[in-house]
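Chemist: First the structure, which I've put down as structure tokens, then a few questions once you've had a look.
The values are calculated or read from the model by the stated rules, or taken from the named source; none is laboratory data. Note that the coordinates shown come from a computational prediction; the quantities given were computed from them, not determined experimentally. Cβ sites come from the backbone with ideal geometry, for glycine too, and all protein chains shown count toward neighbours. Quick note on the areas: whole protein, heavy atoms, side chains included, nothing else; ligands and nucleic acids left out. Shrake-Rupley method; radii C 1.70, N 1.55, O 1.52, S 1.80 Å.
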Amino acid sequence: MGAWQRPLAWRILLAALVLALFALRLSGPSNLEADAQDRNVGYVMDVVWEGHWLVQQDIRGRIMSKPPLHTWIAAAFAEIGGINRLTLALPSALAVLAMALLVLEVGRRRYGILAGGLAGFAVVMAPMTSKHIALVRTDALFALVVALGAFAAQRAWERGGGWIPFWFWAGLATLIKGPLGLVLAAMGLLAWFWERRRDAATPRPAGTHWAGVAVFLLLTLGWLVPALVS
């Protein structure tokens, strides 16, 4: 059990699992026409080949259905390594790995290294996660950024302030899949309503939000306004 009490051992295991699953998925037949991946592939092509960074169209000429942060990241990899299954799916693989490492770290700090490590392992091996590890879709990246926003909200609640990180991650989530990212990242704060019934001394989510809201608007409107006028 000695090695499994070390965070580094769990990090190596999780990275190896993600790499193995990613390689296994990529070694199989191409499925880019399934799960609406072709639309995301088209957006990346429009960025790399036509230079349309603000607003993209898919291969059928349909306007993008979601904000472009995932497309931007995939396009950055495609600019380096070309448009292929590896570069297109790399954002999802990295997002799954980051999610597993995030859960490991949060679990380690709150419940111990074994609980954190097993939770990270469960994230990687869950059927839905292992499927999305090589899909050209926004879901894995969106889940990661929403989780980062939720953990940032919990931290700000516990500390009585410091909301800028929450609004930052909520802004990035909005740039991936729209305002739903903000809603999902903030929903954990609803726990205050039932926690105060159990403990009247439960603190309210305190602190100022003005700077955080400014960051959120800068991120989201910084893309939306130029996109609307382009």
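Chemist: Taking all protein chains in place and a 1.4 Å probe, what share, in percent, of the accessible surface of the chain do carbon and sulfur account for? Show your work: numbers first, answer last.
Modeler: Values: 8330 of 12290 Å².
Within the chain, the accessible surface is 68 percent carbon and sulfur.
Chemist: Only one of the values (1) 21.4; (2) 20.9; (3) 19.1 was calculated from this structure for Kirkwood radius over Cα pairs in Å; name its label.
Modeler: Recomputing Kirkwood radius over Cα pairs in Å here picks out (3).
Chemist: Rounded to the nearest 500 deg cm²/dmol, what is the calculated helix-only ellipticity per residue at 222 nm for the chain, with -39500 (n - 2.57) per DSSP H run of length n ≥ 4? List each step's numbers first, then the result.
Modeler: Numbers: 11 runs with 164 residues, N = 230.
Counting only the DSSP helices, I get -23500 deg cm²/dmol.
Chemist: Moving on to the next point. List every residue whose amide H lies under 5 Å from the amide H of Leu54, counting only residues 5 or more places away in sequence or on a different chain, with H placed 1.01 Å from N in the peptide plane.
Modeler: Here nothing satisfies the definition.
Chemist: Still on this structure, I have one more. Apply the Karplus curve 6.51 cos²θ - 1.76 cosθ + 1.60, θ = phi - 60°, to the phi angles in segment 36-44 and return the couplings in whole Hz, x for Gly and Pro.
Modeler: Each residue of segment 36-44 in turn: 6, 5, 4, 5, 5, 4, x, 4, 5 Hz.
Chemist: Ordered by packing density, taken as the mean number of other Cβ atoms within 10 Å over each peptide's residues, highest first, how do 159-165, 49-55 rank?
Modeler: Packing proxy ranking, top to bottom: 159-165, 49-55.
Chemist: Multiply the residue gap between Asp199 and Ala214 by 0.36 nm, knock off their C-alpha separation, and tell me the result in nm, one decimal place. Numbers along the way, then the final one.
Modeler: On the way: separation 15, 0.36 × 15 = 5.40 nm, distance 3.34 nm.
Contour length minus the Cα-Cα distance gives 2.1 nm.
Chemist: If you roll a 1.4 Å probe over the heavy atoms of the protein chains, what accessible area per residue do you get for segment 142-230, in Å²?
Modeler: On the way: 5150 Å² over 89 residues.
On a per-residue basis, 58 Å².
Chemist: Taking 0.36 nm per intervening residue step and subtracting the Cα-Cα distance, what contour gain separates Ala23 from Ser65 on full extension?
Modeler: Numbers: separation 42, 0.36 × 42 = 15.12 nm, distance 2.90 nm.
Contour length minus the Cα-Cα distance gives 12.2 nm.
Chemist: Between Ala119 and Ala191, how many nm apart are label points set 7 Å from Cα along the C-beta direction?
Modeler: 1.0 nm
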